[in-house]
Amino acid sequence: MARPTLPALLAAAAAALALLPAGALAADAKAPVTETATSGTVSATFTSQDAGDGQFKGLNIAITRGGAPAYSGMPKVKGCEQPYCAPDTVDGDARQALSVVDANGDGEPDVIVNVYSGGAHCCEIALVLMWNGTTYKPFTHNFADPGYRFVAAAGDTPAQFVTADARFGYEYTDYADSAMPLQILQLGDDGTFADQTFSHVAEIRADAARWKKAYTKVRRGRSSLGVLAAYIADEHLLGRQRAADAFLQHELRAGRLRTVKPWPGGKAYIKLLKKDLRSWGYSGSRTGATL
């Protein structure tokens with residue numbers, strides 16, 4: 001039997017491609033998606049299109065106030081470069097990436113769009129657009145891998161962005177065994193986020209109890225120092241540094257501050273942890289630290 005010639009093979013391939021549905025060669029490209037949200041007289045839409053291969057295009061935010069156009073565009077988001085900057089939901093739940101809420105307690109609805117930078121253990125970024133009297137000015141905050149949960153203002157309690165301190169990831173052990181202590185942020189009128197964790201004593205106590213319980217279950221292994229660090233950090237925030245130091249010394253004498261390379265264990269672990277807690281504001285006043 002004669003072998004098919006190259007021209008014949010090319011002709012057959014072209015014929016097969018012609019039978020494919022229109023658009024089938026686009027790598028999983030999907031139709032544009034538009035989300036909408038409204039609060040008071042402020043309405044917003046967020047449009048994006050999944051272009052396939054982890055890429056997104058056509059990102060646009062449109063805002064109206066009292067029915068009149070007030071903003072249209074997509075600001076550049078540091079750390080989330082297009083076309084790999086993707087819409088993201090809070091906490092990975094079924095809610096959309098767009099919300100219109102009073103994020104800083106001034107009575108004026110703000111527009112929040114959550115985007116995801118992609119990559120391992122990173123990064124959820126909140127893009128906040130705040131009305132400045134003439135237009136909407138964009139601000140961003142990178143919540144890294146923990147993301148955040150928005151809690152609306154209630155009575156005298158201002159709106160909160162509840163998250164965790166991502167600096168603890170990889171610092172004392174591998175990421176899977178790392179633990180990140182509670183962090184509660186508040187958005188200011190100038191678009192900056194201030195750390196207000198110190199003022200939520202009940203929540204810190206609950207977080208400390210959670211991490212101590214988790215540590216007691218794993219402290220005989222070699223991947224427990226990340227969990228221990230989160231517990232000690234909470235204890236420092238509660239003003240119980242002496243008790244925290246005593247607990248560390250007890251675990252050291254018991255031979256439990258073991259680890260795997262390249263992370264330090266024993267006295268070196270304690271030294272690193274205390275250094276971090278000082279530089280990160282856990283061992284001193286953390287009042288309203290801007291992040």
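The values are calculated or read from the model by the stated rules, or taken from the named source; none is laboratory data. Only a predicted model underlies this, so the values are computations on that prediction, with no experimental measurement involved. Quick reminder, even Gly has a Cβ in these numbers, built from the backbone with ideal geometry, and neighbours come from all protein chains shown.
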Notebook entry, point to check: Of the numbered conditions (1) in contact (Cβ under 8 Å) with a residue 24 or more places away in the chain; (2) assigned to a loop (DSSP other than H, G, I, E, B), GLU35 satisfies every one except a single condition; which is it?
Noted result: (2)
Checklist line | Number of the condition not met by ALA68 [criteria: (1) in contact with a Pro (Cβ under 8 Å, 6 or more places away or on another chain); (2) over 30 Å from ALA179 (Cα atoms); (3) not acidic (Asp, Glu)] | finding: (1)
Checklist line | Failed item in (1) closer than 30 Å to THR157 by Cβ; (2) surrounded by fewer than 18 Cβ atoms within 10 Å (Cβ to Cβ); (3) in contact (Cβ under 8 Å) with a residue 40 or more places away in the chain, with ALA202 passing the rest | finding: (3)
Checklist line | Residue within region 277-289 that is aliphatic (A, V, I, L, M) and over 30 Å from TRP131 (Cα atoms) present | finding: yes
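So in region 222-253, with the set limited to residues that are farther than 19 Å from LEU272 by Cβ and among the small types (Gly, Ala, Ser), which one is nearest to the chain's Cα centre (by Cα)?
Let us first name the residues in region 222-253 that are farther than 19 Å from LEU272 by Cβ, namely 238-240, 242-243.
Add one more test, that the residue is among the small types (Gly, Ala, Ser), and what stays is 239, 243.
Numbers: GLY239: 27, ALA243: 31 Å.
So the residue we want is GLY239.
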Notebook entry, point to check: Considering region 143-187 alone, what residues qualify as being touching a Gly at 6+ places or on another chain (Cβ under 7 Å) and charged (D, E, K, R)?
Noted result: ASP145, ASP177
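Are any residues in region 217-266 among the small types (Gly, Ala, Ser) and either outside any helix (DSSP H, G or I) or modelled with pLDDT under 95 (or both), and if so, which ones? Show your work before the answer.
First pass over region 217-266, keeping only residues among the small types (Gly, Ala, Ser): 221, 223-224, 226, 229-230, 233, 239, 243-244, 246, 254-255, 265-266.
Once the filter is applied, which keeps residues that are among the small types (Gly, Ala, Ser) and either outside any helix (DSSP H, G or I) or modelled with pLDDT under 95 (or both), region 217-266 yields GLY221, SER223, SER224, GLY239, ALA254, GLY255, GLY265.
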